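Structure record follows, encoded as structure tokens.
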Amino acid sequence: MKIKSLEELQKIKEKALKEISGRDTKKRGRIVVGMGTCGISAGAKDTLRALADELEKQSIDDVAVVQSGCMGLCEVEPTVEVQIGDEEPVIYGHVDEEQARRIVKEHVMKGHILSDILVKRGKI
Amino acid sequence: MRTIADHVLDIAQNSVNAQATYVKINFVEDHEKIVIKIKDNGCGINKEELSKIFDPFFTTHEEIRRVGLGLPFLKQNAELTGGYVHVSSTPKIGTVLEATLFKTIDCQPIGDLAGTFAALVTSSTGVTWEIRRCLGKECYDFSSKALDGVDLSSPKVIKMIFEYFKNMESSL
Ligand SMILES: Nc1ncnc2c1ncn2[C@@H]1O[C@H](COP(=O)(O)OP(=O)(O)OP(=O)(O)O)[C@@H](O)[C@H]1O
Ligand SMILES: [Mg+2]
């Protein structure tokens, strides 16, 4: 086993735990990425990576990024559900890397709903 | 599924869907073949169902909108290379999947394995993941035990884990 692999993990853990210590960890929203078979085939992994990357770049740490199974919207995968505060959830479709970054910059940061990739409002 | 990495992500999610709390993935590659082994402690598969798991559209998860194409796709792609997929399972104990793909002209590209591992590890908090990845003689090991207590839904953490696996892959 590579020693480095463990060391690096330890570093991630330390950094992550330092982040949350002494801070309010309540989240103001969450983003759900559909990672079922259809989503994966359509590139949901890259969507997930881009979302995390853009949120981090914008220093947003109070929005959780989670994964779910198939949302049953195979035709429009990758799909992403965004829920901020008590607003009704919004589902976006065909969310590639570029759209993922747009969701962070427009919806999460400014509250603008992106009507061109909107699939649905409210729970599926 | 365009890549082997996509298959691994898809197949390992079967273990999560089977309520596994422990999933071990071995991904061992050499110059002629790729051997994938995924072992879980999920609900397992009974004999009758086991005979159907490679049938397209067989699923026991209809209520959660599954299509039942994960295993048939993998089998088809493995067999195209002269390889195979084998699943053995004991109800209430768990399931072991082993797949061998030969690196023939028909073999799909491996794809973004780092992304697959990162996505799996950050997909749910209830699962302990152990991953062993080898390329030739070089290997690395991952255990999610090392990340106990870390918030896996934090964008920053997700990003670090994506980078971690990317670094590990490029060190091989
Ligand atoms: N690790 C496992 N543990 C228990 N059951 C499994 C496991 N892997 C597969 N199965 C069973 O085999 C069935 C078929 O699996 P497959 O991946 O082909 O389809 P699915 O997961 O149901 O749907 P999809 O992958 O298309 O979303 C599953 O519904 C499940 O009953
Ligand atoms: Mg499946």
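Mind counting the residues in region B:1-15 that are touching a Leu at 6+ places or on another chain (Cβ under 8 Å) and either within 13 Å of ligand 2 (Cβ to nearest atom) or over 15 Å from residue A:45 (Cβ atoms) (or both)? Number of matching residues: 9.
When restricted to residues that are surrounded by 22 or more Cβ atoms within 10 Å (Cβ to Cβ) and either in a strand (DSSP E or B) or more than 9 Å from every other protein chain (Cβ to nearest Cβ) (or both), region B:122-139 contains 3. A residue that is closer than 20 Å to residue A:112 by Cβ, within 16 Å of the chain's Cα centre (by Cα), facing another protein chain (nearest Cβ under 7 Å) and of a type outside the set (S, T, N, Q) cannot be found anywhere in region A:27-42.
FYI, it's all coordinate maths here, none of it is from the lab. Being a predicted model, the structure only gives us computed values, none of them experimental. Because the Cβ atoms are built from the backbone with ideal geometry, glycine has one as well, and the counts that use them run over all protein chains shown.
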